[in-house]
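Bear in mind these aren't lab numbers, they're just calculated from the coordinates by the rules spelled out. If you're wondering where the values come from, they're calculated on a predicted model, not measured in any experiment. Neighbour counts are summed over all protein chains in view; Cβ atoms, including those assigned to glycine, are modelled from backbone coordinates with ideal geometry.
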DNA sequence: GGATAACTACTCGGATAACACATGTCCGAGTTAGCACGG
DNA sequence: CCGTGCTAACTCGGACATGTGTTATCCGAGTAGTTATCC
């Protein structure tokens with residue numbers, strides 16, 4: 001899995017602490033973790049295409065969450081960056097084997113494919129069960145200084 | 001995930017139908033699905049290093065399962081090919097952020113990392129719950145001709 | 001006829017290229033804030 | 001003083017290089033079976 005997922009998750013969490021209506025440019029989000037700004041921008045574009053963040057051009061512009069953290073699951077973010085394909089892709093090897101039926105879709109019929117899909121669904125379900133709001137709440141509970149640290153850091157970068 | 005996983009799973013299943021003590025060379029396993037033999041050999045080597053299959057050199061040589069199908073889980077095969085690392089790797093971005101403690105291992109402390117690990121564990125658990133023997137039983141039940149098809153194909157290739 | 005030794009064919013195993021995707025970088029289009037100017 | 005038009009800086013967005021890991025291939029080391037030879 002590409003590291004862009006980690007960047008996107010941390011950035012979304014930081015965005016969730018902003019007052020509504022305020023946007024943060026890529027450069028500041030990147031400076032937060034000393035990341036290459038141009039590449040982080042690429043990931044944020046992907047989040048934008050997925051409808052997770054919205055972008056504003058020009059001065060005072062930047063990115064902000066496009067909807068409430070309660071309605072953003074970890075799966076949404078992962079899919080936005082990694083794409084919708086499941087990790088295991090079935091190339092329908094059985095079509096090359098003996099007794100193969102050309103009309104059968106072995107991505108459905110192959111029991112190996114089914115077993116792998118079961119695992120993939122378990123993974124997706126676990127990710128979909130957690131929203132960004134849940135994560136935010138947990139972080140605030142365990143590390144109470146996080147929110148103010150984040151906002152202070154953004155304020156300092158604003159200078 | 002690399003396609004070698006799919007090849008390995010199908011090959012292990014085919015190997016599970018062989019009478020005990022009999023080995024099949026890479027070339028025949030590859031011909032089964034029209035795969036490149038040299039590359040499939042690479043995957044089988046990985047299975048060998050993981051102790052899932054054992055190899056025999058020379059004429060009448062080849063590969064065979066190293067232990068009973070009941071003791072080979074799908075997770076074993078996936079890990080043998082893909083390696084033990086989990087899909088999401090935490091680069092400890094928080095170490096670069098404000099209020100970071102250099103002595104903390106954020107792979108453990110970071111709640112994002114924990115959430116992703118939870119999903120990864122759900123995936124691994126699902127894979128570990130299914131053994132090659134389970135898969136073999138299911139296939140034999142749903143496609144009764146599979147076993148004989150496989151053995152016949154091997155016999156034909158033997159010529 | 002039997003045992004032995006060399007030979008041959010076959011198989012794995014790791015070292016070696018070719019390719020694809022993730023990673024990283026750059027500059028242009030569009031937008032907004034600030035400013036200067038005129039009324 | 002206030003309204004208006006201009007300028008300039010800032011931001012995103014997509015097009016363009018680079019690096020690393022997967023995909024694919026090849027040839028050498030080792031082994032077992034076979035055969036020919038000798039006792």
Q: For the stretch B:6-16, state whether one or more residues are away from chain A (no Cβ under 11 Å), more than 8 Å from DNA strand C (Cβ to nearest atom) and over 19 Å from residue B:140 (Cβ atoms).
A: no
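So that you can scan it fast, the table gives a plain yes or no per residue for (1) closer than 28 Å to residue A:50 by Cα; (2) surrounded by 14 or more Cβ atoms within 10 Å (Cβ to Cβ):
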| residue | (1), (2) |
| --- | --- |
| A:70 | yes, no |
| A:90 | yes, yes |
| A:99 | no, no |
| A:104 | no, no |
| A:124 | yes, yes |
| A:127 | yes, yes |
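Evaluate the following for residue B:118: is it assigned to a helix (DSSP H, G or I) and more than 24 Å from residue A:112 (Cα to Cα)?
Numbers: assigned to a helix (DSSP H, G or I): yes; more than 24 Å from residue A:112 (Cα to Cα): no.
Considered against the rule, which asks whether it is assigned to a helix (DSSP H, G or I) and more than 24 Å from residue A:112 (Cα to Cα), residue B:118 comes out as no.
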Q. Mind checking which residues of the stretch B:51-82 are within 12 Å of DNA strand C (Cβ to nearest atom) and not in a loop (DSSP other than H, G, I, E, B)?
A. B:53, B:54, B:55, B:56, B:62, B:63, B:64
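Quick check, is residue A:83 more than 21 Å from the chain's Cα centre (by Cα) and at positive phi?
Details: more than 21 Å from the chain's Cα centre (by Cα): no; at positive phi: yes.
So residue A:83 fails the test.
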Q) Scanning the stretch B:78-88 for residues that are at the interface with another protein chain (Cβ under 10 Å from one of its Cβ atoms) and under 30 Å from residue B:17 (Cα atoms), which turns out surrounded by the most Cβ atoms within 10 Å (Cβ to Cβ)? A) B:78
Q) Restricting attention to the stretch B:89-98, which residues are at the interface with another protein chain (Cβ under 9 Å from one of its Cβ atoms) and assigned to a loop (DSSP other than H, G, I, E, B)? A) B:89, B:90, B:91, B:97, B:98
Q) Do you know which of the residues in the stretch A:17-28 that are outside any loop (DSSP other than H, G, I, E, B) and more than 14 Å from DNA strand C (Cβ to nearest atom) is surrounded by the fewest Cβ atoms within 10 Å (Cβ to Cβ)? A) A:28
Q. How many residues are more than 8 Å from chain B (Cβ to nearest Cβ) and farther than 16 Å from residue A:13 by Cβ if we restrict to the stretch A:125-156?
A. 4
Q. Can you name the residue in the stretch B:47-69 that is touching a helix residue (DSSP H, G or I) at 6+ places or on another chain (Cβ under 7 Å) and over 15 Å from residue B:14 (Cα atoms) and is also farthest from DNA strand D (Cβ to nearest atom) among such residues?
A. B:50
Q) From the set of residues in the stretch B:103-119 that are in contact with a helix residue (DSSP H, G or I) (Cβ under 7 Å, 6 or more places away or on another chain) and more than 7 Å from chain A (Cβ to nearest Cβ), which is nearest to residue A:148 (Cα to Cα)? A) B:110
Q. Looking at the stretch B:32-50, which of the residues that are under 19 Å from residue B:18 (Cβ atoms) and within 12 Å of chain A (Cβ to nearest Cβ) is farthest from DNA strand C (Cβ to nearest atom)?
A. B:33
